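This report refers to the structure that appears directly beneath it.
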Ligand SMILES: Nc1ncnc2c1ncn2[C@@H]1O[C@H](COP(=O)(O)OP(=O)(O)O)[C@@H](O)[C@H]1O
Ligand SMILES: [Mg+2]
């Protein structure tokens, strides 16, 4: 897609990357609590994703970090200093808005120049910086175009160049890839990853796309209804989801209701569907009583004949998804179950067949209170 | 086939029309341009026809066609200055209305919804009262025993009443107030259409309020400004009642001039000529302003 696969230019971003700490930040719009007691700390140079469903408050929290919104309560600190009352420019944030918000009446070059002029840079230095930034995002050939004459991906690169030109210490991106089609999205994700790697700039990206968050972020903050559900590396989020919400929002999961029978040693869980599961331990909930066991579709496999079976199930449908095959299964009592395995990695099964299942890695089956 | 080219088939020779399939003719009849028919009829009867009548009356003399009235208009030394003064009045009124209306529109779009409801009422209120009523309200304010003079003399700031009524500056101010909604409403609509993220982006890039206003908000609201200026200009040029009552007998503008020549002088051909000249001049200024506006905003419509 990128015609000039040029040698990566040295990053023009001379970042003094800032750290960000949010302490008990809450925000209300009228009676509605949109951000509910969020605390998190971001290290300099980290790439963070705010992940959650639409309407969970990601944009609002990003705008609080940017300084567009003063939170109802709580504190925002950057590089250790409280920034309450400071506007976005004083906080040193660079922002790429969801729709890019390029100035429609200015050329690409004038858009990138805008922040430099506002800062009163001398003409020659501004011109050099604009050229440098447009080269960095590979838009030099479009300097005299107007935003309307650009594609979505090109507009986004200009928005990035404009935000980065003034040397921000934090880059904020709101759903940066939402408006792009799938192929272009991957290109731009690679581009953003390159920019972050080269510049080492503290970056916060808002997204509702879990794959995007898992692919790009050093750490992911998962939100639901204004609450921070979990803040951790992609691996922690995926393999050890802290709450039922995270386990079903990030990736697919089978939630099996049942009873945790014991509090010590190996956890024995009598599922309502019949089988008794044995896990090395019950986490995060270890208290005997009603629970939900989360099993990822790719953590289930078809048992070979003669192997002990955790479940018996009937195949309802088989869906080849390219490199993987998805099985839609039903347990004896009708509970639906999804299973995913690599094509050719296991014996096939046809709809209607009775199959036996095994949990591939029982250490990655979180147990939640029901 | 889309409507406009479809309607060409109607005008085509009979042979071609006969060749058209029934379905095509049906589509022509239901095509969108035909929805404008009532408007077209209205335009023909109430705009095109009167203008034609004006032209006919203006160039008719006792011995057939004549340009004697046009010649008189251009050379009598009175008509052209009246036309010039009228156009200047329109431009000055538009300028004053812009200076008053733009901040008002800014105030409106930045106000809370509750304040907006109050403001919109205040802004459109002048439209809900007749121009005659508004004009006489200004007479009450500006007259020798009017509000302003009573206040000034009462405070001892002036010895006697100051002449305010029947002066051109006060006429411009009055017209600007009366036509203010025509300026404010289009600007409000243009300002509301500006993506608030653009001003946020400007602030985040380090621009202060004034820089954002001058470099982002004003350029993007130009379409509304142009519409407002055109409307106020045209309205002020033709505001017979206000011009006559606040301007008084000594300030003569085109509408009153036409009235005098026609109703009082019974010189209908000359009155028709003056009317045409006013129409042509106003349209010319409107076209010029419009063109300038398009040039200034061409990048908004790429
Ligand atoms: N300016 C506002 N006034 C009132 N409610 C708002 C405002 N902005 C956002 N909200 C509400 O706050 C919630 C969170 O919004 P937002 O932060 O935009 O969510 P997200 O970006 O995660 O989709 C939504 O329910 C939204 O309707
Ligand atoms: Mg959002």
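The values are calculated or read from the model by the stated rules, or taken from the named source; none is laboratory data. In this text, all values refer to a predicted model and were calculated from it rather than measured experimentally. So basically every Cβ, Gly included, is an ideal-geometry build from the backbone, and we count neighbours across all protein chains shown.
For residue A:169, are the conditions met, namely being in contact (Cβ under 8 Å) with a residue 24 or more places away in the chain and either within 16 Å of ligand 2 (Cβ to nearest atom) or surrounded by fewer than 21 Cβ atoms within 10 Å (Cβ to Cβ) (or both)? Spelling it out, residue A:169 is indeed in contact (Cβ under 8 Å) with a residue 24 or more places away in the chain and either within 16 Å of ligand 2 (Cβ to nearest atom) or surrounded by fewer than 21 Cβ atoms within 10 Å (Cβ to Cβ) (or both). In segment A:53-66 there is no residue that is on the phi > 0 side of the Ramachandran plot and over 19 Å from the mean Cα position of the chain (by Cα).
Restricted to segment A:130-153, and to residues that are within 14 Å of chain B (Cβ to nearest Cβ) and free of Cβ contacts under 8 Å to residues at least 40 places away in the same chain, which residue is nearest to the chain's Cα centre (by Cα)? Before you say what the answer is, go through the steps one by one.
Within segment A:130-153, the first condition is being within 14 Å of chain B (Cβ to nearest Cβ), and the residues that meet it are A:130, A:133, A:142, A:144-151.
Filter once more, keeping what is free of Cβ contacts under 8 Å to residues at least 40 places away in the same chain: A:130, A:142, A:144-145, A:149, A:151.
Working: A:130: 31, A:142: 31, A:144: 35, A:145: 33, A:149: 31, A:151: 25 Å.
Going through the qualifying residues, I end up with A:151.
Of the listed requirements (1) in contact (Cβ under 8 Å) with a residue 24 or more places away in the chain; (2) within 28 Å of residue A:132 (Cα to Cα), residue A:58 misses just one: (2).
Return the only residue of A:177, A:136 being under 24 Å from residue A:212 (Cα atoms), within 16 Å of ligand 1 (Cβ to nearest atom) and buried (at least 18 other Cβ atoms within 10 Å of the Cβ). Explain how you work it out, then say what you get.
Details: A:136 fails: within 16 Å of ligand 1 (Cβ to nearest atom).
Exactly one of A:177, A:136 is under 24 Å from residue A:212 (Cα atoms), within 16 Å of ligand 1 (Cβ to nearest atom) and buried (at least 18 other Cβ atoms within 10 Å of the Cβ), namely A:177.
Of all residues in segment B:244-269, those being under 13 Å from residue B:166 (Cα atoms) and surrounded by fewer than 21 Cβ atoms within 10 Å (Cβ to Cβ) number 7. Take residue A:207 and decide whether it is within 16 Å of ligand 1 (Cβ to nearest atom), in the same structural domain as residue A:58 (by TED's automatic domain parsing) and under 17 Å from residue A:47 (Cβ atoms). Spelling it out, residue A:207 is indeed within 16 Å of ligand 1 (Cβ to nearest atom), in the same structural domain as residue A:58 (by TED's automatic domain parsing) and under 17 Å from residue A:47 (Cβ atoms).
For residue A:52, indicate whether it is surrounded by 21 or more Cβ atoms within 10 Å (Cβ to Cβ) and more than 12 Å from chain B (Cβ to nearest Cβ). Criteria met by residue A:52. When A:198, A:224 are screened for being more than 14 Å from chain B (Cβ to nearest Cβ), within 17 Å of residue A:132 (Cα to Cα) and either touching a helix residue (DSSP H, G or I) at 6+ places or on another chain (Cβ under 8 Å) or surrounded by fewer than 22 Cβ atoms within 10 Å (Cβ to Cβ) (or both), only A:198 passes.
Please determine, by comparing only the residues of segment A:84-96 that are within 12 Å of chain B (Cβ to nearest Cβ) and in contact with a strand residue (DSSP E or B) (Cβ under 9 Å, 6 or more places away or on another chain), which one is farthest from residue A:205 (Cα to Cα). Write out each step before concluding.
Going residue by residue through segment A:84-96, those that are within 12 Å of chain B (Cβ to nearest Cβ) are A:86-96.
Applying the additional criterion that residues be in contact with a strand residue (DSSP E or B) (Cβ under 9 Å, 6 or more places away or on another chain) yields A:86, A:88, A:91-96.
Values: A:86: 21, A:88: 16, A:91: 17, A:92: 16, A:93: 13, A:94: 12, A:95: 10, A:96: 9 Å.
That would be A:86.
Which strands (runs of 3 or more DSSP E) does segment A:305-370 wholly contain that include 2 or more residues that are in contact (Cβ under 8 Å) with a residue 40 or more places away in the chain and farther than 28 Å from residue A:235 by Cβ? Result: A:311-320, A:354-359.
Could you grab me the full set of residues in segment A:64-84 that are closer than 25 Å to residue A:194 by Cα and within 15 Å of ligand 1 (Cβ to nearest atom)?
In the first step, residues of segment A:64-84 are kept if they are closer than 25 Å to residue A:194 by Cα; the result is A:65-66, A:78-79.
Result: A:65, A:66.
The rows are residues; the columns are (1) in contact (Cβ under 8 Å) with a residue 40 or more places away in the chain; (2) within 9 Å of chain B (Cβ to nearest Cβ).
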site	(1), (2)
A:62	yes, no
A:67	no, yes
A:72	yes, no
A:82	no, no
A:106	yes, yes
A:114	yes, yes
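Among what's in segment B:244-302 and is within 14 Å of another protein chain (Cβ to nearest Cβ) and in contact with a helix residue (DSSP H, G or I) (Cβ under 6 Å, 6 or more places away or on another chain), pick the residue that is nearest to residue B:77 (Cα to Cα). The qualifying residue nearest to residue B:77 (Cα to Cα) is B:293.
Among the residues making up segment A:51-74, those that are within 16 Å of ligand 2 (Cβ to nearest atom) and within 20 Å of residue A:88 (Cβ to Cβ) are A:57, A:58, A:59, A:60, A:61, A:62, A:63, A:64, A:65, A:66, A:68, A:69. Check off (1) away from ligand 2 (no atom under 16 Å from the Cβ); (2) touching a residue at least 24 places away in the same chain (Cβ under 8 Å); (3) within 14 Å of another protein chain (Cβ to nearest Cβ) for residue A:99 and give me the number that stays unchecked. So residue A:99 meets the others, but not (1).
Is at least one residue of segment A:27-50 within 16 Å of ligand 2 (Cβ to nearest atom), part of a loop (DSSP other than H, G, I, E, B) and assigned by TED's automatic domain parsing to the domain that holds residue A:131? Break it down stepwise before answering.
Start the filter on segment A:27-50 by keeping residues that are within 16 Å of ligand 2 (Cβ to nearest atom), which leaves A:27, A:29, A:32, A:34-35, A:38, A:48-50.
Filter once more, keeping what is part of a loop (DSSP other than H, G, I, E, B): none.
No, there is no match, as no residue in segment A:27-50 is within 16 Å of ligand 2 (Cβ to nearest atom), part of a loop (DSSP other than H, G, I, E, B) and assigned by TED's automatic domain parsing to the domain that holds residue A:131.
For residue B:189, state whether it is closer than 30 Å to residue A:69 by Cα and either within 13 Å of another protein chain (Cβ to nearest Cβ) or at pLDDT below 95 (or both). Let's see the steps before the verdict.
Details: closer than 30 Å to residue A:69 by Cα: yes; either within 13 Å of another protein chain (Cβ to nearest Cβ) or at pLDDT below 95 (or both): no.
The answer is no for residue B:189.
Listed here are the residues, each with its yes/no results for (1) facing chain A (nearest Cβ under 8 Å); (2) within 12 Å of the chain's Cα centre (by Cα); (3) surrounded by fewer than 19 Cβ atoms within 10 Å (Cβ to Cβ).
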site: B:184; (1), (2), (3): no, no, no
site: B:207; (1), (2), (3): yes, no, no
site: B:212; (1), (2), (3): no, no, no
site: B:230; (1), (2), (3): no, yes, no
site: B:242; (1), (2), (3): no, no, no
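Is it fair to say residue A:242 is more than 16 Å from ligand 1 (Cβ to nearest atom), assigned to a loop (DSSP other than H, G, I, E, B), in contact (Cβ under 8 Å) with a residue 24 or more places away in the chain and more than 14 Å from chain B (Cβ to nearest Cβ)? When the stated conditions are applied, residue A:242 passes them. Among the residues of segment A:201-230, those identified as assigned to a strand (DSSP E or B), more than 15 Å from residue A:62 (Cβ to Cβ) and more than 16 Å from ligand 2 (Cβ to nearest atom) are A:219, A:227, A:229, A:230.
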